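Below is one structure, written out as C-alpha cells; the observations come after it.
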Amino acid sequence: MSDEQRRRGPAEGARPRAAGASAGMPDAGPGAGPAGRRGAAVRKPFGTREQKLAYPDREGYHRHWFNDEPGRIARAQEAGYTQVDDDSGRPVSMTVGVARGGGALTAYLMEIPMEWYREDMAAQEAQQQELLAQIRQGRVPGGPTGADRTAQYVPRDVGITIREERR
C-alpha cells in the first residue's frame, strides 16, 4: 500500500478484510468466522469492556484466582482449594502482571466447595466482629502497652462508637 493510500484510508465502499484473509481469498461476508465458516466464531470488538479473568462458574463451588507467589498456591491447597483444569487437563492460568523478580506473574484458577467457603467467610466475619468489640472497649490490638497505654484517649464511661453501614 502506498503512503498516499494509507493517508486516504480505505476506498469508498470497501470493507476491511477479516483476520487471516489474504488478497486471493474472497471475504465470506458478515457473520462468517475464520476461514469463511458461518457461525464458527463470535467476533469480539477490540477495546470494549470485558472481564479479563472471567471463567464459567461451577455449581456448588466458589472459584478464586491465586497469584503464583512463593507459598501462596500451597497455602490455598492447605485451605482446601484445588486447581481448575481446562479441557486438555492443564491448570487454568493467566498472566496477570509482573512478578517481583521481573518475570511474568501468573495466576491460577482454584476452587473450593461452597460449604467450606461459607464457613471460611463466617470465621472471617467473627474475627472482624471481635476486633470491632476490642476497639469499642478502647483495647486496640497492637496499640500502645504499658506506660504508653495512657497516651490513648478513650472517653470515660462512653467508649468508642463505630457507625457501621451495611451494603
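Kindly provide the set of residues from segment 55-77 that are over 15 Å from GLU111 (Cβ atoms) and open to solvent by 60 Å² or more (accessible area, probe 1.4 Å), ordered by number. Can you show your working first?
At the first step, the residues of segment 55-77 found to be over 15 Å from GLU111 (Cβ atoms) are 67-72, 74-75.
ASP68, GLU69, PRO70, ARG72, ARG75 - these are the residues of segment 55-77 that are over 15 Å from GLU111 (Cβ atoms) and open to solvent by 60 Å² or more (accessible area, probe 1.4 Å).
On the basis of being more than 18 Å from ILE112 (Cα to Cα) and either part of a loop (DSSP other than H, G, I, E, B) or modelled with pLDDT under 95 (or both), does ARG58 make the cut?
no
Within segment 75-84, identify whether any single residue is among the charged types (D, E, K, R) and either at pLDDT 95 or above or closer than 30 Å to THR161 by Cα (or both), and answer yes or no. First the steps, then the outcome.
Keep residues of segment 75-84 that are among the charged types (D, E, K, R), which gives 75, 78.
With the extra rule that they be either at pLDDT 95 or above or closer than 30 Å to THR161 by Cα (or both), the set shrinks to 75, 78.
Looking for residues that are among the charged types (D, E, K, R) and either at pLDDT 95 or above or closer than 30 Å to THR161 by Cα (or both), one finds at least one in segment 75-84, hence yes.
Can you find a residue in segment 140-148 that is over 27 Å from GLU164 (Cβ atoms), among the hydroxyl-bearing types (Ser, Thr, Tyr) and modelled with pLDDT under 95?
yes
Within segment 69-86, track down each residue that is assigned to a loop (DSSP other than H, G, I, E, B) and either within 17 Å of LEU53 (Cα to Cα) or hydrophobic (A, V, I, L, M, F, W, C) (or both). Let's see the steps before the verdict.
As a first pass, look at segment 69-86 and keep what is assigned to a loop (DSSP other than H, G, I, E, B): 69-71, 79-81, 84, 86.
ALA79, VAL84, ASP86 - these are the residues of segment 69-86 that are assigned to a loop (DSSP other than H, G, I, E, B) and either within 17 Å of LEU53 (Cα to Cα) or hydrophobic (A, V, I, L, M, F, W, C) (or both).
Filter segment 79-121 for residues that are open to solvent by 60 Å² or more (accessible area, probe 1.4 Å) and over 19 Å from ASN67 (Cβ atoms) and give the result.
ASP87, SER88, GLU115, TRP116, ARG118, GLU119, MET121, listed by residue number.
With among the charged types (D, E, K, R) and either touching a strand residue (DSSP E or B) at 6+ places or on another chain (Cβ under 6 Å) or modelled with pLDDT of 85 or more (or both) as the only criterion, which of ARG17, ARG6, ARG37, ARG49 stands out?
ARG49
Residue under question is ALA99, and the condition is that it be touching a residue at least 12 places away in the same chain (Cβ under 8 Å) and farther than 15 Å from HIS62 by Cα; does it hold?
Numbers: touching a residue at least 12 places away in the same chain (Cβ under 8 Å): yes; farther than 15 Å from HIS62 by Cα: yes.
Yes: the conditions hold for ALA99.
The values are calculated or read from the model by the stated rules, or taken from the named source; none is laboratory data. All of these numbers come straight from a predicted model, not from anything done at the bench. Heads up, the Cβs are rebuilt from the backbone with ideal geometry, glycines too, and the neighbour counts pull from every protein chain shown. Accessible surface areas use protein heavy atoms only, side chains included; no ligands, DNA or RNA. Shrake-Rupley method; radii C 1.70, N 1.55, O 1.52, S 1.80 Å.
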